[in-house]
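Accompanying notes for the structure given below.
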Amino acid sequence: MIDVDPGVCVGAGQCVQAAPASFDQDEETGLVVLLEAAGRVDEAAVLDAVALCPSGALRLSDRAGRR
């Protein structure tokens, strides 16, 4: 699971560049928006996005909530 904390997001946009099928930015605030997966998620791209996030607004956890 991808956890997004918009309160921590600084709107840098690296997530959108790394994984545009999974993330977008709100037009007004610039904050991260998690997109609903229409198909298969590119796991490598999401891992890159999490690693690139300068504020730590993105985290991965399993279905039990463990990070």
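Tabulated data
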item: Condition check for VAL41: surrounded by 13 or more Cβ atoms within 10 Å (Cβ to Cβ) and at pLDDT below 95; result: yes
item: Positions within the range 16-34 being more than 10 Å from the chain's Cα centre (by Cα) and among the β-branched types (Val, Ile, Thr), in sequence order; result: THR29
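The values are calculated or read from the model by the stated rules, or taken from the named source; none is laboratory data. From a predicted model like this one, the values you see are computed outputs, not experimental measurements. We place every Cβ from the backbone using ideal geometry, glycine too, and count neighbours over all the protein chains shown.
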